[in-house]
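Peer 1: After the structure tokens below, expect a handful of questions from me.
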Amino acid sequence: LLNPLFKHKSTHFSICDVGSGLCDLHGLLNKLNIAHDYTGIEIVDEMVEASKKLWPRANVVNADILDPGFKETFDFVVLSGTFNIPGSVPINDWESFVFKMIKAMYDHCKIGISFNALTTYSTFRDGHLFYLSPEKVFSFIQSQLSRFCCLNTSYPLYEVTYTVFRPENLKEQFPQPAF
């Protein structure tokens, strides 16, 4: 989830963890001694309260990144596992929600976003889980967000990690006129 982002900025970055749960990502970054400004966004009040007790110095908020009043920006915006469980939401509505979330994440990043989702390329399906077509996601990213992205399926889980970069950030790193 983070390695492709770290190639562009590996320390002293701001990160927004959407669906942060108990802020395990913040704990990992602390354990690795990676300097960062962390914001965890969670819509479950009990998770927000528990996270604030675990991490009193972290910024953990009950907020909705889809809310037009949410104006903050971060170097990185990440999401892990949140798209997998639609609950009682009809699949078409959930898929629409997923794409709105991806767009909102991108709108709030300065460098890039990274997120994962279960893939339709799996050997089994659980009716309680949501599987996303990599072709649909790639097409959406390319047509709506940025041509600068990578997809990673090189690990044992039947999921894909997508990382999308803002062109303006890459232009700073690759200032050649051909860019």
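Peer 1: Convert each backbone phi in region 138-145 into a coupling constant with the Karplus relation 6.51 cos²θ - 1.76 cosθ + 1.60 (shift: θ = phi - 60°), then list the ³J(HN,Hα) values in order as whole Hz, x for Gly and Pro.
Peer 2: Working through the residues one at a time gives 4, 4, 4, 4, 5, 8, 10, 10 Hz.
Peer 1: With θ set to phi - 60°, apply the Karplus curve 6.51 cos²θ - 1.76 cosθ + 1.60 along region 122-133 and write out the HN-Hα couplings as whole Hz, x wherever there is a Gly or Pro.
Peer 2: 9, 8, 7, 9, 9, x, 8, 10, 10, 10, 10, 6
Peer 1: Just need log10 I(q)/I(0) for region 47-98 at q = 0.22, 0.28 Å⁻¹, Debye formula, equal scatterers on the alpha-carbon atoms, no solvent, rounded to two decimals.
Peer 2: Ignoring solvent entirely, the Cα scatterers give -1.10, -1.16.
Peer 1: Oh, and also: In percent, how large is the relative contact order of region 1-147, given Cα pairs closer than 8 Å and 6 or more residues apart? Please report the intermediate quantities before stating the final value.
Peer 2: Working: 215 pairs, mean separation 33.7, N = 147.
Dividing the mean separation by the residue count of region 1-147 yields 23 percent.
Peer 1: Another question, then. What FRET efficiency would be calculated for the residue pair Tyr158, Arg57, taking the C-beta separation as r and a Förster radius of 35 Å, to the nearest 0.05? Present the calculation step by step, with values, prior to reporting the outcome.
Peer 2: Values: r = 36 Å, r/R0 = 1.03.
Efficiency, rounded to the nearest 0.05: 0.45.
Peer 1: Report the net charge of residues surrounding Asn59, where surrounding means a beta-carbon distance below 12 angstrom and charges are Lys +1, Arg +1, Asp -1, Glu -1.
Peer 2: Values: positive: Lys52, Arg57; negative: Asp17, Asp37, Glu42, Glu72.
Value of the local net charge: -2.
Peer 1: Using the Karplus curve 6.51 cos²θ - 1.76 cosθ + 1.60 with θ = phi - 60°, what ³J(HN,Hα) values do you get for each residue of region 77-83, in whole Hz, with x for Gly and Pro?
Peer 2: Values per residue, Gly and Pro as x: 10, 10, 8, 9, x, 4, 7 Hz.
Peer 1: For the pairs Lys52/Lys110; Lys31/Lys103; Lys53/Lys100; Lys7/Lys31, flag any whose C-alpha to C-alpha distance is greater than 28 Å. Please report the intermediate quantities before stating the final value.
Peer 2: On the way: Lys52/Lys110 26 Å; Lys31/Lys103 30 Å; Lys53/Lys100 31 Å; Lys7/Lys31 19 Å.
Check vs 28 Å cut-off fails for Lys31/Lys103; Lys53/Lys100.
Peer 1: Something else about it: Could I have the simple spin-label model distance between Asp24 and Leu66, label points 7 Å from Cα toward Cβ, reported in nm to one decimal?
Peer 2: Here the answer is 2.4 nm between the modelled labels.
Peer 1: Now for a different question. Counting pairs of Cα atoms in the chain, how many percent are more than 30 Å apart?
Peer 2: Working: 2737 of 15931 pairs.
Across the chain, Cα pairs with separations above 30 Å total 17 percent.
Peer 1: Using every pair of alpha-carbon atoms in region 1-54, split the distances into 10 Å bins beginning at 0 and state the percent of pairs per bin, rounded to integers.
Peer 2: For region 1-54, the pair-distance distribution reads 24, 53, 20, 2.
Peer 1: Per 10 Å bin, what percent of the C-alpha pairs of region 85-174 does each bin hold, from zero upward?
Peer 2: P(r) for region 85-174, in whole percents per bin: 15, 47, 30, 7, 1.
Peer 1: By the scheme Lys and Arg +1, Asp and Glu -1, what is the net charge of all other residues having a beta-carbon under 15 Å from that of Asn92? Write out the running numbers ahead of the final one.
Peer 2: Values: positive: Lys100, Lys136; negative: Asp93, Glu95.
Computed value for this residue: 0.
Peer 1: If you don't mind, another one. Amide H of Asp37 versus every other amide H placed in the peptide plane: which residues, excluding those fewer than 5 positions away on the same chain, fall under 5 Å?
Peer 2: Phe13, Ser14, Ile15
Read the figures in this text as sums done on the coordinates, not as results from a lab. None of the values given here were measured: they were computed from a predicted structure. With ideal geometry, Cβ positions are generated from the backbone for all residues, glycine too; neighbour counts draw on all protein chains shown.
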